[in-house]
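Colleague: Mind looking over this structure? Questions follow.
The values are calculated or read from the model by the stated rules, or taken from the named source; none is laboratory data. In this text the structure is predicted, and so the values were computed from the model without any measurement. Reconstructed Cβ throughout: ideal geometry from the backbone, glycine too, with neighbour counts over all protein chains shown. Keep in mind that these areas ignore ligands, DNA and RNA; they rest on the heavy atoms of the full protein, side chains included. Shrake-Rupley method; radii C 1.70, N 1.55, O 1.52, S 1.80 Å.
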Amino acid sequence: MAQRFPFTVAAASTILIVGLATGGLWAALQDRSWYPDVAFGLPSLQSGRWWTPVTGSALGATPLDYLPIILGFVLLVGFAEWRLGTRWTAAVTVTGQIGTVLLTSALLAVLRTTGWAWAQELARSVDVGFSAGALCAGAVASATLASPWRQWLRLGLLVYVGVSVLFVGTLSDLEHLLAVAGGLALTRWVAVPGAADASGRLSRRQWRLLAVAGLVVLAAISMAVWVAPSRGPMGSTYGLSGSGWQVLILVALLVLLADGLRRGSRVAWRWTVAVASLYTLLGLVVAVVFAVGKILDQQVTVQGAAVFVPTAVVWSAELLVLVAGRDAFQARRPSALLARWRGSHKGAEPSQDAQQEAADLLLREGGGNLSWMTTWPDNAYFFAASRDGYIAYREHAGVAVALGDPVGAPDGRADTIREFAEMCDRAGRVPCLFSATAAAAEITERQLGWRSVQVAEDTIVDLPDLEFRGKAWQDVRTALNRAKKEGVEYRLGSLAEQPRALLAQVRQISEEWVGDSGLPEMGFTLGGVEEALDPRMRVGLAVTDDGRLQGVTSWMPVYAGADGVGADATGGDAAGEDREEREDRGARDGRPPSGWTLDMMRRRHDGFRPVVEFMIASSCLALREDSATFLSLSGAPLARNPAGTAPTGLQRILDRLGSAMEPYYGFRSLHAFKAKFQPRYEPMYLLYRDEADLPRIGVALLRCYLPDASVRDLLTATARRD
């Protein structure tokens, strides 16, 4: 810690040591006779105590002041040292602290001559603490963050110092305001690694962020006046907050409006505009009354002006933001928006059911290893304007979770992703792609500035040269030999065409597996018996001579794209085909899949032990005879090869979550089991805009996989495992 953040640790330690030496950690220093000799402020400088900007920076006025001083210093200066380095952070923090103290004193020396009571009071005050330098460092370091974290941090700092100086108004609050303002002014000279030049135009999301920030300021004003009334620059705020219930109701209403504006709701926009217009109008009336009174040399007073005036100013600014960014607040339900989107393009409404249209497009254009899942029920569909690509998604918690890569012509998949993100933005939904390939991750990073994190790993077995020889294949050979000795037969075909008695055993084994897991059967990228009944899927069955089912596997078809591969073609059209040629080629319904992806895998608990190895090995041999070139054993969620790339901070969190889920679904055990078949690994990613979306995406993914699970189910399953 000390090696990584030497300045932060040294400065924070100095503050603690001085606090111990002076007794400031348990007794108020401001009550000591020597306090004016070490505290900074205009009186100290006028008396020639030039050392006070240094000595006062290492102290806290009261014991309670040490906690926010040290905590704020560690967070802000530590963050700055991480982003800017030790030398720059030390220079910015020390210069910001001393410069702010001197600038504040100079400003008060001028303002007190105006007769402003607040300025005159502060000009007689002194202060201690290193908080101004910490805030300056945090403001400067904000330039190193990517959007929207840069805007969030700056807005947070500005809201804090703005509300504090207006409604608390102590000397330290004025110093904090000048420190943040100075730090933000310095950011123009701070290089942002990898940041693109600003276009000067705000996106819909940024307009919504500004509108939400305005309501946050208003809520902070109400809370500050209620919790800490004081005599600020606008006058006394004592007795102006109303009762606690009134404040809580007001804050709750502001939170509801802010949530609606965050989602781009037109209804929330209208209500906020109405309230903002009312405050703006009242503010104009007050301003006119004051102006007329000034002209007539009459004394005019307004009850509660210390709160009303700044509140009206903030509401007026909020109104300007809402009007200027009104196009960002037209979100509709995705289904309604999608219909309008289709209507604005050529070939508006499909002539067939969307699910069937998606399946036809997949057969014609090809897709990836998980693309067949997009034809399952419960998916919603977004079709590109060109009608040669689509994205299947599910919506939960305001998040549109796309399933894998877009399906369609390789040269149009980038446009499909971009249009899908645009649709979600207009609808006020959070877009993300789950279990996407590296090719899709490259598109979203390059064109949309999105981020990615690995969430699974596809395990692919190449079939042309597959031979079960060598020590690595010992378990597989043993399973094949034992099955032959014990009379276990492998059957590959359509599940729907199997005898009724055998189908009943398939359902029985599946239900037993679900019951033993303790949680409801997962969905989304994990199919079951109903999905396996699709006639285009293949099912491998392990059956004994007496007709007793030992295990079952289901395989989804993977159809090659225009460039001849199934899994990861997201780039250009390597085969050089135009659209008509692709349609002619795709019209050959019945062409064999280029590969197959494992979906359902169940075994009888009291049956043939190595049945899973036997079924997968037998599937490799049988499907290779059916012209397949590869099998995907699919990817287990929250499981990956530990020998892969070094994990990021977010990846480490997901690894821990995978460990917590292991007792319930055994994803990691399954991933380790697949290593027996010597696969090659392809990473699968979650693609998202930025980390601010992750909490909602996490909730949405939980509902995607367990749409019917209740809190009681989760608690009951946890109790069973414990």
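Colleague: Within the accessible area of the stretch 344-485, what % is carbon and sulfur when the probe is 1.4 Å and the other protein chains stay in place?
Modeller: Values: 2420 of 5400 Å².
It is 45 percent, rounded to a whole number.
Colleague: Next question, about the same structure. Given a 1.4 Å probe, how much area per residue of the stretch 444-562 is accessible, in Å²?
Modeller: 47
Colleague: Oh, and also: In the stretch 243-281, which chymotrypsin sites (Phe, Trp or Tyr not before Pro) fall in coil by DSSP and have 11 or fewer other Cβ atoms within 10 Å?
Modeller: none
Colleague: Short version: what are the Cα gyration tensor semi-axes of the stretch 440-481, square root of 5 times each eigenvalue, largest first, in whole Å?
Modeller: They are 40, 12, 7 Å, listed largest first.
Colleague: Keeping the other protein chains in place, figure out the carbon and sulfur percent of the accessible area of the stretch 7-115, with a 1.4 Å probe.
Modeller: Within the stretch 7-115, the accessible surface is 71 percent carbon and sulfur.
Colleague: Can you order the peptides 139-152, 402-415 by their average number of other Cβ atoms within 10 Å per residue, highest first?
Modeller: 402-415, 139-152
Colleague: By average Cβ neighbour count within 10 Å, what is the ranking of 531-544, 363-376 from highest down?
Modeller: My ranking of the peptides, most packed first, is 363-376, 531-544.
Colleague: Given the Cα-Cα distance of Glu467 and Ile17 and 0.36 nm per residue of separation, how much length would full extension add, in nm?
Modeller: Gain in length upon complete extension: 155.0 nm.
Colleague: Now for a separate question. No solvent, one uniform scatterer per C-alpha: report log10 I(q)/I(0) for the stretch 56-102 via the Debye equation at q = 0.26 1/Å, two decimals.
Modeller: -1.01
Colleague: By average Cβ neighbour count within 10 Å, what is the ranking of 455-466, 488-499 from highest down?
Modeller: Values: 455-466: 18.3, 488-499: 16.0.
Going by the mean number of other Cβ atoms within 10 Å, highest first, we get 455-466, 488-499.
Colleague: State the extension gain, in nm to one decimal, for the chain segment bounded by Thr544 and Tyr238, taking 0.36 nm per residue of separation less the distance between their alpha-carbons.
Modeller: Values: separation 306, 0.36 × 306 = 110.16 nm, distance 8.51 nm.
Fully extending the segment from Thr544 to Tyr238 adds 101.6 nm.
Colleague: Between the stretch 399-456 and the stretch 73-137, how far is it from one alpha carbon centroid to the other, in angstrom?
Modeller: Their Cα centres are 45 Å away from one another.
Colleague: Per residue, what accessible area does the stretch 52-180 have, given a 1.4 Å probe and all protein chains present, in Å²?
Modeller: Counting only protein heavy atoms, the per-residue value for the stretch 52-180 is 40 Å².
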